[in-house]
Amino acid sequence: MTYSTLLYEKANGIAKVTLNRPDKLNALNSTVYKELYDVFDAIENDPEVRVVILTGSGERAFAAGSDVAEMQNMGPLDVQKFMATIRKASDFIYNLTKPTIAAIHGYTLGGGCELAMCCDIRIASEKAKFGQPEINLGLIPGAGGTQRLSRLIGAAKAKEMIYLGDNIDAATALNLGLVNKVVPPEKLMEEAAAWAAKLAGKSSPILAAAKMAINTGLDTDLGSGLSMETKCNAVCFSTYDRKEGMDAFLEKRKAVFKNK
């Protein structure tokens, strides 16, 4: 697959999607979002892919935000159309049935931070910087920041980041729960690949059930979330992999999952 703003590769069940506008600090414009939707749609329907790593090219940024030059002369109707394009791609990534890992380095601001939050797991370089600086442009986050950030780190800290518009470093992001792990810059892709390989060894349908239960539960009350968990757990009992997992446990051997 060839794209004008992305790089794509896959091997051993792991797909790697790279934002590829390094001269613009991987700023996110409408073309990027359309291509992100296209590539993740292809990934969803590719049985060879079991895990996805999303990262950015160059040394300076994962993605430094939305492309302000593209947005500068937009009116309300134009920006609603742009936001619909963003929402289509973001929601698709968030709801992908396969695990997603954001490998984050450098500036991860505005839309970049919002895109990273669409992934299941975020691994950051020690040099990563996070922020929702839209307030400094006379805006508020429009690609999920007011909603996903508050769900990840709590309303109080999300308001602090959004109201002040200041950047935070990787250690602070880890402390807040915005990222899962922080590693030295030279170890970032190695660590992301190690997590991806471990996930690729799990059962894809069981991972999908876990993701559905978690994501659905975040958007509902506890009782409804627990009901969804019960349903997803019951579905696991219709799979080959659930039987194989339990058989392997009882036989004291390593499970060999077939993703069915």
Qualifying residue in the range 80-94 (condition: assigned by TED's automatic domain parsing to the domain that holds residue 54, polar (S, T, N, Q) and touching a Lys or Arg at 6+ places or on another chain (Cβ under 7 Å)): yes
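If the requirement is being of a type outside the set (S, T, N, Q) and in the same structural domain as residue 98 (by TED's automatic domain parsing), which of these qualifies: 196, 210? Full working, then the answer.
Working: 210 fails: in the same structural domain as residue 98 (by TED's automatic domain parsing).
After ruling out the rest, the residue left standing is 196.
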Given (1) touching a helix residue (DSSP H, G or I) at 6+ places or on another chain (Cβ under 6 Å); (2) part of a helix (DSSP H, G or I); (3) not hydrophobic (A, V, I, L, M, F, W, C), index of the condition residue 3 fails: (2)
Matching residues in the range 182-199 - criterion: being part of a helix (DSSP H, G or I) and hydrophobic (A, V, I, L, M, F, W, C): 188, 189, 192, 193, 194, 195, 196, 197, 199
Residue satisfying condition, being surrounded by fewer than 18 Cβ atoms within 10 Å (Cβ to Cβ) and free of Cβ contacts under 8 Å to residues at least 24 places away in the same chain, within set 177, 154, 165: 154
All positions within the range 124-182 that are under 25 Å from residue 67 (Cβ atoms) and of a type in the set (Val, Ile, Thr): 135, 140, 146, 162, 168, 179
Members of the range 196-212 found to be surrounded by 17 or more Cβ atoms within 10 Å (Cβ to Cβ), over 22 Å from residue 91 (Cβ atoms) and either modelled with pLDDT under 95 or touching a Lys or Arg at 6+ places or on another chain (Cβ under 8 Å) (or both), listed by number: 200, 202, 203, 206
Unique match (being at positive phi and within 16 Å of the chain's Cα centre (by Cα)) among 110, 58, 106, 13: 110
Exclusive hit being assigned to a helix (DSSP H, G or I) and on the phi < 0 side of the Ramachandran plot, set 211, 202: 211
Test result for residue 32, within 16 Å of residue 91 (Cβ to Cβ), of a type outside the set (Ser, Thr, Tyr) and either touching a residue at least 60 places away in the same chain (Cβ under 8 Å) or out of contact with any Ser or Thr (no Cβ under 9 Å at 6 or more places or on another chain) (or both): no
Enumeration of residues in the range 9-29 that are surrounded by fewer than 17 Cβ atoms within 10 Å (Cβ to Cβ) and more than 18 Å from residue 200 (Cα to Cα): 22, 23
Pair list, Cβ under 7 Å, 6 or more apart: the range 243-260 residue within 12 Å of residue 202 (Cα to Cα), other residue surrounded by 10 or more Cβ atoms within 10 Å (Cβ to Cβ) and among the charged types (D, E, K, R): 255/244; 256/244; 257/202; 257/241; 257/244; 258/241; 259/241; 260/241
Answer from 42, 15, 11, 27 - the residue that is touching a Lys or Arg at 6+ places or on another chain (Cβ under 7 Å) and not polar (S, T, N, Q): 27
Residue match in the range 67-88 (condition: within 21 Å of residue 189 (Cβ to Cβ) and surrounded by fewer than 15 Cβ atoms within 10 Å (Cβ to Cβ)): no
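The values are calculated or read from the model by the stated rules, or taken from the named source; none is laboratory data. Every value quoted in this text rests on a predicted model; they were computed, and no experiment measured them. So basically every Cβ, Gly included, is an ideal-geometry build from the backbone, and we count neighbours across all protein chains shown.
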